[in-house]
Amino acid sequence: MAYGVAYDVTAVRAHFPALAEGAAHFDGPGGSQTPDVVAEAVAGTLRSAVANRGVMTAAERRADAIVTGARRAMADLLAATPQGVVFGRSMTQLTYDMARALAKEWSPGDEVVVTTLDHDANIRPWEQVARAHGVTVRRADFDPESGELSVAAVADLLTERTKVVAVTAASNLLGTRPDVAAIAERAHEAGALVYVDGVHLTPHGLIDTGALGADFYACSPYKFLGPHLGVLAADPALLERIHPDKLLPASDAVPERFELGTLPYELLAGTTAAVDFLADLVPGEGDRRTRLARSMAALEGHERAMLDRLEAGLAEIGGVRTYGAPGRSRTPTTLFTVGGVTPADTYRLLGERGVNAPASSFYALECSRRLGLGDAGAVRAGIAPYTDEQDVDRLLKGVRELAG
Ligand SMILES: Cc1ncc(COP(=O)(O)O)c(C=O)c1O
């Protein structure tokens, strides 16, 4: 394992009060369970004196410190700049807002590129806003057999009119990780901006938005052990050039001009706590980014071992079909069906056995349709930092029983 640091899943699990309820959670890609320290940070903020951000009272200064602290934490997590970290209600809301703001500079005949591998939150906002501005949408298609989205599939659609390429860093259905850096390089050559959906990737590895070539990188803390909100990271210099609609008295500074209304201070405190928790998943010294690098490498090793155990077990069960054949570079997420049992029944029957593995398209609607799974989708099992061998074995036992 990286740096020779062992990942102690038992110690990690002890921080998750929700696990005491007894279920084996494979529903992490929909939203992870929350560590005690995150819950305490949220509750602690609500128990403290907090006012609107300011410098006059201790309550104002506390709110300000929470916001700037959360920007720094997210910047460490994503290798971004704190002044380029925007908070919003969700990734979906931030993406709609950014699409509308960017569209102010679009002209009829301009183009945007989306992909069928993406979650709907990185397709529909671009398509709907494009339609409203007479802008052409081009859809890059992934290969349903392998589940891979090639660089060429995107690059072939680029023209000098392309304004934005919206692409996922990892498929929330298949775990596929497109070569975002190579896609971004081609998009930048064409003069386009690159909007990366990092919601599914962020919980599973160390993110470097610069290395990815992401002009915008969107993610959601509730997928990586934090509270329910969304984050968008971009270069502050790029954000300076974008002018969203805003209230007249509200700050026009970056990034505040993108944050409509009052921020959820308690959730921002929880977000910082989640990043700190991730940084300390394994013991070690160093600044937060250094500790994140060490911990995320150890987490990747643990999650890979759980995924290998799960997929080896599923492969031995007759009638189970897994979708896509992503290479080694993927997230620990598996999509499968059980012969003779509908995905909805599989979900229900596993749930009765204390195993939470939902069935859906999970809003990756175009992806699900392209896989031949229609709008109902299939069963998704996602590995999380608290997943252990017993969880995996419980899931396999349940599937074995259903498969007969
Ligand atoms: C890959 C991906 N993108 C985007 C979203 C939407 O995120 P949010 O709920 O923050 O809008 C999700 C949520 O499941 C997701 O998995």
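The values are calculated or read from the model by the stated rules, or taken from the named source; none is laboratory data. Because the structure is predicted, anything quoted here is derived from the model rather than measured. Please note: Cβ atoms are built from the backbone with ideal geometry, for glycine as well, and neighbour counts cover all protein chains shown. Calculation scope for accessible area: heavy atoms of the full protein, side chains included, ligands and nucleic acids excluded. Shrake-Rupley method; radii C 1.70, N 1.55, O 1.52, S 1.80 Å.
Looking at region 55-71, can you tell me whether even one residue there is part of a strand (DSSP E or B) and in contact with a strand residue (DSSP E or B) (Cβ under 7 Å, 6 or more places away or on another chain)? So that I can check it myself, show each step before the final result.
Taking region 55-71 as the starting set, the residues that turn out to be part of a strand (DSSP E or B) are none.
The answer is no; no qualifying residue exists.
Filter region 198-254 down to the residues that are surrounded by fewer than 24 Cβ atoms within 10 Å (Cβ to Cβ), assigned to a helix (DSSP H, G or I) and of a type in the set (D, E, K, R) and list them by number.
Answer for region 198-254, where residues must be surrounded by fewer than 24 Cβ atoms within 10 Å (Cβ to Cβ), assigned to a helix (DSSP H, G or I) and of a type in the set (D, E, K, R): just Glu240.
Please work out which one of (1) in a helix (DSSP H, G or I); (2) more than 16 Å from the ligand (Cβ to nearest atom); (3) over 29 Å from Ala381 (Cβ atoms) is the condition Ala18 fails and give its number.
Condition (3) is where Ala18 drops out.
What are the residues in region 381-391 that are of a type outside the set (Ser, Thr, Tyr) and buried (at least 24 other Cβ atoms within 10 Å of the Cβ), if any? Talk me through it step by step, then tell me what you get.
Within region 381-391, the subset of a type outside the set (Ser, Thr, Tyr) is 381-385, 388-391.
Those that are of a type outside the set (Ser, Thr, Tyr) and buried (at least 24 other Cβ atoms within 10 Å of the Cβ): Ala381, Gly382, Ile383, Ala384, Pro385, Asp391.
Is it fair to say Leu117 is free of Cβ contacts under 8 Å to residues at least 60 places away in the same chain, more than 19 Å from Leu239 (Cβ to Cβ), within 16 Å of the ligand (Cβ to nearest atom) and assigned to a loop (DSSP other than H, G, I, E, B)? Even if it seems obvious, please write down each step before you answer.
On the way: free of Cβ contacts under 8 Å to residues at least 60 places away in the same chain: no; more than 19 Å from Leu239 (Cβ to Cβ): yes; within 16 Å of the ligand (Cβ to nearest atom): yes; assigned to a loop (DSSP other than H, G, I, E, B): yes.
Judged against the criteria, Leu117 is not a match.
Of everything in region 216-226, what is closer than 19 Å to Leu260 by Cα and within 11 Å of the ligand (Cβ to nearest atom)? Give them in sequence order.
Result: Ala218, Cys219, Ser220, Pro221.
Sort out which residues of region 298-339 are at negative phi, part of a loop (DSSP other than H, G, I, E, B) and open to solvent by less than 50 Å² (accessible area, probe 1.4 Å), and write them in order of number. Can you show your working first?
First pass over region 298-339, keeping only residues at negative phi: 298-318, 320-323, 325-339.
Checking which are part of a loop (DSSP other than H, G, I, E, B) leaves us with 316-318, 323, 325-329, 331-332, 339.
Across region 298-339, the qualifying residues are Ile317, Tyr323, Pro326, Gly327, Thr331, Pro332, Gly339.
Just to be sure I understand the filter: pairs with C-beta atoms under 9 Å, separated by 6 or more residues or on different chains, first member in region 215-226 and in contact (Cβ under 8 Å) with a residue 12 or more places away in the chain and charged (D, E, K, R), second member within 11 Å of the ligand (Cβ to nearest atom) and assigned to a strand (DSSP E or B). Which pairs pass?
Going by the 9 Å Cβ cut-off, the qualifying pairs are Asp215/Val196.
Specify which of the listed residues (Leu225, Leu267) is in contact with a Ser or Thr (Cβ under 6 Å, 6 or more places away or on another chain) and of a type in the set (A, V, I, L, M). Break it down stepwise before answering.
Values: Leu267 fails: in contact with a Ser or Thr (Cβ under 6 Å, 6 or more places away or on another chain).
Criteria check complete, one pass: Leu225.
Which pairs turn up if I take residues in region 199-210 that are under 16 Å from Tyr222 (Cα atoms) and look for partners that are in a loop (DSSP other than H, G, I, E, B) and open to solvent by 10 Å² or more (accessible area, probe 1.4 Å) with beta carbon separation below 6 Å, at least 6 apart in sequence or on another chain?
Every condition considered, the pairs that remain are His200/Asn172.
I'd like to verify a number: residues in region 76-109 that are farther than 21 Å from Glu240 by Cβ, open to solvent by 10 Å² or more (accessible area, probe 1.4 Å), touching a residue at least 40 places away in the same chain (Cβ under 8 Å) and more than 9 Å from the ligand (Cβ to nearest atom), how many?
The qualifying residues number 2.
Restricting to region 348-380, name every residue that is within 23 Å of Ala24 (Cβ to Cβ), open to solvent by 40 Å² or more (accessible area, probe 1.4 Å) and either within 16 Å of the ligand (Cβ to nearest atom) or within 18 Å of the chain's Cα centre (by Cα) (or both).
Once the filter is applied, which keeps residues that are within 23 Å of Ala24 (Cβ to Cβ), open to solvent by 40 Å² or more (accessible area, probe 1.4 Å) and either within 16 Å of the ligand (Cβ to nearest atom) or within 18 Å of the chain's Cα centre (by Cα) (or both), region 348-380 yields only Asn356.
Write out, first by first residue and then by second, each pair whose Cβ atoms fall under 6 Å of each other, whose residues are 6+ apart or on separate chains, and whose first residue, in region 377-398, is within 19 Å of Ala298 (Cα to Cα) while the second is among the acidic types (Asp, Glu).
These pairs meet every condition: Ile383/Glu303.
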